[in-house]
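Inspection log for the structure reproduced underneath, given as structure tokens.
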Amino acid sequence: MIIRLLLAAAIVMPCLGCASATRGITESISIASTPPGATADVSGLDNPTACVTPCVVQVKRNADVTVSINKPGYEPQVIPLTKEVAGSGAAGFAGNVLVGGLVGMGVDAATGAAMDHKPNPVTVTLQPSRPAPAPRPAKPLRPRPPAKPQPQS
């Protein structure tokens, strides 16, 4: 019984201080646009997704995420998100030194649990598309002067 308890403690202890346990491996990304109602395509996920702004999507913390925002009549915008170590993520990662050891550090590094995506929220102001230049009206053709008769030889 005591051996089982020690074995269970040995399995659980590495993750008690780690960011994977304290923060999770996913985060919510809020996406908004002015004007609202644009389509946000989120790539870099296991299952790329789309939503209509304003919206929120769940992403893995270790994912390389790009948000493309489109709305008819407006210029499309592409926003690549970066990953940065968050303050609370650093604390969770540091907790591995005290409790989790190398196993907890490895789990955090593999899952990106200490990371946050930036910018979050993703907020864009869409710019109206420039209308295509109007085609120039065709110039009227000038009638050709009548051909001069050629002298007969």
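The values are calculated or read from the model by the stated rules, or taken from the named source; none is laboratory data. Nothing here was measured: the structure is a model prediction, and the numbers come from that model. FYI the Cβ positions are ideal-geometry reconstructions off the backbone, even for glycines, and counts take in every protein chain you see.
Among the numbered conditions (1) modelled with pLDDT under 95; (2) in contact with a Ser or Thr (Cβ under 8 Å, 6 or more places away or on another chain); (3) of a type in the set (Ser, Thr, Tyr); (4) under 30 Å from residue 129 (Cβ atoms), the only one that residue 111 does not meet is (4). Tallying residues that are surrounded by fewer than 19 Cβ atoms within 10 Å (Cβ to Cβ) and either assigned to a loop (DSSP other than H, G, I, E, B) or without any contact (Cβ under 8 Å) to a residue 24 or more places away in the chain (or both) within the stretch 28-74 yields 17. If you filter the stretch 75-87 down to residues that are of a type in the set (A, V, I, L, M) and not in a strand (DSSP E or B), you find that the one that is farthest from residue 126 (Cα to Cα) is 86. When the stretch 60-90 is filtered for residues that are modelled with pLDDT under 95, over 9 Å from the mean Cα position of the chain (by Cα) and of a type in the set (Val, Ile, Thr), only 85 remains.
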